[in-house]
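Notes follow once the structure below has been shown.
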Amino acid sequence: MKAPHLIISSTLLLSLLWTAPLLADDFPEKPINIVVPWPTGGAYDLAARLMAEHASHTFSVPLVVQNVTGAAGSTGVRHVADATADGYTIGVMGTHAIAQSYMNPNATALDDLTPLVFIGPEPAALAVTQDADIDDVAAYLDTLNEAPGSVINGNDSPGGFSYIAATMLENQFDVELTKIPYQGYAPTVSALLSGEVMSALLPIPLLADQHAAGQLRLLGVAAQERHPFTPEVPTFQEQGYDFIAEDFFMLYLPGDVPEERRNKLAEMFYALLQDASFQEAASDIGLMIQPRPQDETARYLEQRADEVYDILAASGLVDDSLTR
Amino acid sequence: MLIESFMSALIETLLSPWGLLLAALGALLGIILGALPGVSSTMALAILLPLSFSMDAHLAILFLLCVFVASVYGGSISAILINIPGTPGAIVTQLDGHPMAKAGKAREALVYALVASTVGGAFGLGLLVMTAPLLATVAMSFRSPEFAAVAVFGLVLLAYASPGTTVRGLLVGAIGLICGMVGFDTLTDVPRFTFDTRTLQGGVELVPLCVGLFGLAEVLKHLHASHQAAPAVSIQATQRSQLKVRALLKRWKSMLRGSLIGAFVGAIPAAGSAIAVAIAYAQEVRFSKHPEQFGQGAVEGVVAPEAANSSSIGGTMIPMMTLGVPGDAITAVLMGSLLIHGLRPGPMLFAENPHIVSSIYAGFFIALLLTLIIGLLLMRWLPLILRIPSHVLLIGIALLCVVGAYAIRNSMADVYIMLFFGALGYLLHLLSLPSAPLAFGLILGPLLEENLRRSLILGRGSWDIFLHSPIAMSLFALSIFATALPLLAPLWVRLKSDLQRMKVPF
């Protein structure tokens, strides 16, 4: 397995060196793969598929979505990191990749990835069951202050975004939740609807309809602004609490894609993300598109990595070999 | 009101040639993709999803529903003909379907599967249309403790469901349970049994395991047998055996039981068709008067799981339509495609877009009809497949095993896992141990572990949480009853004969 790999890659490398100037002009000349680390149907997958659908406006080649799933998203990230760095393999990632890089010695380190374009944030909202009889964030925090651990919160297993969001809430307000792990957002929402858990911090599109139908209650949006899906739900800040918890979508490349190609890709995707018809389709399904150029994306990732690292370290979840 | 709009949506689609053509195309593609090992219903939908982007919303739904429904039946084709389940929902179909095919009853097995699928599908649809809100409420009372109890009940039934002695079944089932623990721990994300390799981090997926255990092992068996100049692969008889409609009708009870279990298990969020068929099959064996016939080509062993996997379609759509929560991976894709068309399934859909709800129901109905018709038409080509020389077929199957294992997650790790379980399946065959309990253990083990542990966290370490759940307690009681049945049955027989004897003197 290794030897042919080596031969192929060295031949590729040689031919690349030989024809580099020529190739650079033609890039891209074949379909580009977007690797999604989660199964079909989720928000990451929908974002990638919408990009693929609208690619013809700004791309000369098609985008192909590929779901490489498993191991809390780290299989997909590694698939991209190990791919030939020719710019034809791009990945989508979010908070999970940062968390895995500190928790799992077998996951890809963030340094092995090159941030390309920031797609947008995915803000969370705090939801409680109807039976919980809690009307706003203040009442929620009061309940927790009176009896620490009395609120049973549904979230991901440690390292998933909704776990990190719940931990951020605990840290910020110095309260204690009883955190119950579920395998992903859909089971968490069902647990909330069935009353097995009392609260959850999840992306808003997953909760908006159930809120409108009165099956659960949204207490606050953990973002700078209200969400277009739930314009009547105030933010935490409006209620006097400075609390922001958002996941994000970002495109990245394997480590050493030639700079020229990287810039070209960044430019093309940035244009795609600003395409009006793409933005309209994205807002229909509740995705917020706020593209950022390459250098800002890299800065954002660094900031988030610091934040997430601190949360994980405080909870004792950072692997011994990966401490900073 | 509902029936009226359902009928109008139905007629509208049936009268538009474009819609009907699309639906037929969807059903055909669904059957073919479903029959390809490794292409699950989820993948069939994902592959064809981009095609639906440019269609009108109601046509796109119709097309995808046809793919979905047809692929569930399609999975049984490869299960019956080449002993590889085409989709996870077909994993138990081959246990009796393939022996039937080997005995020259391939066509019969396929027709049974098709009819059972249609009946099951219609049953699931009926429940979805009539009782969706009610059933959703009942399904929502299934929380972690109830789930754990379902898994226990399933495991108890499955202990008896394997051919051969119970001890052998339990032994292999335990290996399956351990395989289910490989990879990330579901509650804490801590890697377990990975031996610090990346390959095992993703865990053991059901599809690569089944493809190896049943498909590749079958190839190995035939390679071994061919030294003894025995006719290699299966299915000699291609003659048209008379189909017995009456024999099929006699199985209505199995179909009904399978449909009920399928629809209900499907309606519980996060359960899915693999669990539904495992339980449907197990209860058929456990409560059958002739359990020894299972595994040798029992018709009940084909119709019950096929009815279950199709009726679970309607079941999984119940939480999607009423609560906006996808019931399993397949409905997650379906929901994603609806989202792309700007329709968000959930509580508000009934209020805001009632005609879309009707057209989803009508589309489902059309999908069932078309799958039946196209499935029957495709039977004509069956002899062609069966006439492929065995050595060519064996190579083809081996190839499909590798491609199928790779395709499910685009990962080489799954190919290695498939190869490993192929070898293991062959080894089990040499040791005359049953291999099916391994797959059952893998399905139910993680379900039990995750929900048991979560229940205990919820109960803050106390087992009382199970005592407070009537559903869980009844399921435990049923499990005890099923275990005690072999002990009680002789007593019952003796009691009856004693009573009779007592009557004699008078």
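When residues in region B:467-492 are screened for being of a type in the set (A, V, I, L, M, F, W, C), within 14 Å of another protein chain (Cβ to nearest Cβ) and more than 20 Å from B:ILE261 (Cβ to Cβ), 0 of them pass. Residues of region A:31-40 include none that is of a type in the set (S, T, N, Q), closer than 19 Å to A:SER162 by Cα and either without any contact (Cβ under 8 Å) to a residue 60 or more places away in the chain or within 11 Å of chain B (Cβ to nearest Cβ) (or both). Among the residues of region B:83-90, at least one is within 14 Å of chain A (Cβ to nearest Cβ) and in a helix (DSSP H, G or I). In this entry, A:GLN279 passes the filter for residues that are surrounded by 15 or more Cβ atoms within 10 Å (Cβ to Cβ), assigned to a helix (DSSP H, G or I) and without any contact (Cβ under 8 Å) to a residue 24 or more places away in the chain. Inspect all residues belonging to region B:330-349 and state whether any of them is more than 10 Å from chain A (Cβ to nearest Cβ) and of a type in the set (Ser, Thr, Tyr). Scanning region B:330-349 turns up no residue that is more than 10 Å from chain A (Cβ to nearest Cβ) and of a type in the set (Ser, Thr, Tyr). The condition (being more than 14 Å from every other protein chain (Cβ to nearest Cβ) and under 20 Å from the mean Cα position of the chain (by Cα)) is satisfied by just one residue among A:LEU169, A:LEU207: A:LEU169. The condition of being of a type outside the set (Phe, Trp, Tyr), touching a Pro at 6+ places or on another chain (Cβ under 8 Å), more than 10 Å from chain A (Cβ to nearest Cβ) and assigned to a helix (DSSP H, G or I) does not hold for B:VAL129. A:SER199 fulfils the conditions (1) more than 13 Å from every other protein chain (Cβ to nearest Cβ); (2) modelled with pLDDT under 95 except for a single criterion, (2). Scanning region B:142-155 for residues that are in contact with a Gly (Cβ under 9 Å, 6 or more places away or on another chain) and outside any helix (DSSP H, G or I) gives a single hit, B:ARG143.
Of all the criteria given as (1) in a helix (DSSP H, G or I); (2) crowded, with 24+ Cβ neighbours inside 10 Å, the one not satisfied by A:LEU141 is (2). Being touching a Ser or Thr at 6+ places or on another chain (Cβ under 8 Å) and more than 30 Å from A:THR89 (Cβ to Cβ) holds for only one residue in A:ALA245, A:ALA271, A:ALA223, and it is A:ALA223.
Name the residues in region B:269-293 that are of a type in the set (Phe, Trp, Tyr) and crowded, with 24+ Cβ neighbours inside 10 Å, would you?
Of region B:269-293, the ones of a type in the set (Phe, Trp, Tyr) are B:281, B:287.
Within region B:269-293, just B:TYR281 meets the criteria.
The residue that is surrounded by the most Cβ atoms within 10 Å (Cβ to Cβ), counting only those in region A:63-107 that are free of Cβ contacts under 8 Å to residues at least 60 places away in the same chain and more than 10 Å from chain B (Cβ to nearest Cβ), is A:VAL77. Yes or no: region A:246-265 includes at least one residue that is assigned by TED's automatic domain parsing to the domain that holds A:VAL92, surrounded by 21 or more Cβ atoms within 10 Å (Cβ to Cβ), assigned to a helix (DSSP H, G or I) and among the polar types (S, T, N, Q). There is no residue in region A:246-265 that is assigned by TED's automatic domain parsing to the domain that holds A:VAL92, surrounded by 21 or more Cβ atoms within 10 Å (Cβ to Cβ), assigned to a helix (DSSP H, G or I) and among the polar types (S, T, N, Q). May I ask you to verify whether A:GLY154 is within 13 Å of another protein chain (Cβ to nearest Cβ) and either in a loop (DSSP other than H, G, I, E, B) or without any contact (Cβ under 8 Å) to a residue 12 or more places away in the chain (or both)? When the stated conditions are applied, A:GLY154 does not pass them. Against the test of being without any contact (Cβ under 8 Å) to a residue 24 or more places away in the chain, within 17 Å of A:GLU196 (Cβ to Cβ) and either buried (at least 21 other Cβ atoms within 10 Å of the Cβ) or under 25 Å from the mean Cα position of the chain (by Cα) (or both), the options A:TYR182, A:TYR163 yield a single qualifying residue, A:TYR163. Within region B:165-190, residues that are of a type in the set (D, E, K, R) and buried (at least 19 other Cβ atoms within 10 Å of the Cβ) reach partners that are modelled with pLDDT under 90 and in a helix (DSSP H, G or I) with beta carbons closer than 6 Å, at six or more positions or on different chains, in the pairs B:ASP189/A:ALA72.
For A:VAL128, are the conditions met, namely being closer than 26 Å to A:THR69 by Cα, under 25 Å from the mean Cα position of the chain (by Cα) and in a strand (DSSP E or B)?
Numbers: closer than 26 Å to A:THR69 by Cα: no; under 25 Å from the mean Cα position of the chain (by Cα): yes; in a strand (DSSP E or B): yes.
Considered against the rule, which asks whether it is closer than 26 Å to A:THR69 by Cα, under 25 Å from the mean Cα position of the chain (by Cα) and in a strand (DSSP E or B), A:VAL128 comes out as no.
Taking first residues from region B:64-88 that are in contact (Cβ under 8 Å) with a residue 24 or more places away in the chain and crowded, with 24+ Cβ neighbours inside 10 Å and partners that are of a type in the set (A, V, I, L, M, F, W, C) and not in a helix (DSSP H, G or I), the Cβ contacts under 6 Å between residues at least 6 apart in sequence or on separate chains come to B:SER78/B:ILE84; B:PRO85/B:ILE91. Scanning region B:34-70 for residues that are within 17 Å of the chain's Cα centre (by Cα), within 14 Å of chain A (Cβ to nearest Cβ) and part of a helix (DSSP H, G or I) turns up B:SER41, B:THR42, B:MET43, B:ALA44, B:LEU45, B:VAL67, B:PHE68.
Selection of region A:126-143 for residues being of a type outside the set (Val, Ile, Thr) and farther than 16 Å from A:GLY240 by Cβ yields A:ALA127, A:GLN130, A:ASP131, A:ALA132, A:ASP133.
Here is a check on your reading of the model: is A:ALA200 touching a strand residue (DSSP E or B) at 6+ places or on another chain (Cβ under 6 Å) and under 18 Å from A:GLY149 (Cα atoms)?
yes
Does region A:120-131 include one or more residues that are under 15 Å from A:ASN33 (Cβ atoms), buried (at least 23 other Cβ atoms within 10 Å of the Cβ), touching a strand residue (DSSP E or B) at 6+ places or on another chain (Cβ under 8 Å) and more than 10 Å from chain B (Cβ to nearest Cβ)? No, the conditions are met nowhere in region A:120-131. For region A:86-96, check the following and say yes or no: at least one residue is of a type in the set (Asp, Glu) and either closer than 30 Å to A:GLU176 by Cβ or modelled with pLDDT under 90 (or both). No, region A:86-96 contains no residue that is of a type in the set (Asp, Glu) and either closer than 30 Å to A:GLU176 by Cβ or modelled with pLDDT under 90 (or both). If the condition is being in a helix (DSSP H, G or I) and either acidic (Asp, Glu) or out of contact with any helix residue (DSSP H, G or I) (no Cβ under 8 Å at 6 or more places or on another chain) (or both), then region B:414-449 contributes B:ASP414, B:TYR416, B:LEU427, B:LEU430, B:PRO446, B:GLU449.
The values are calculated or read from the model by the stated rules, or taken from the named source; none is laboratory data. The structure displayed is predicted, hence computed values, not measured ones. All Cβ positions, glycine included, derive from the backbone under ideal geometry; neighbour counts span all protein chains shown.
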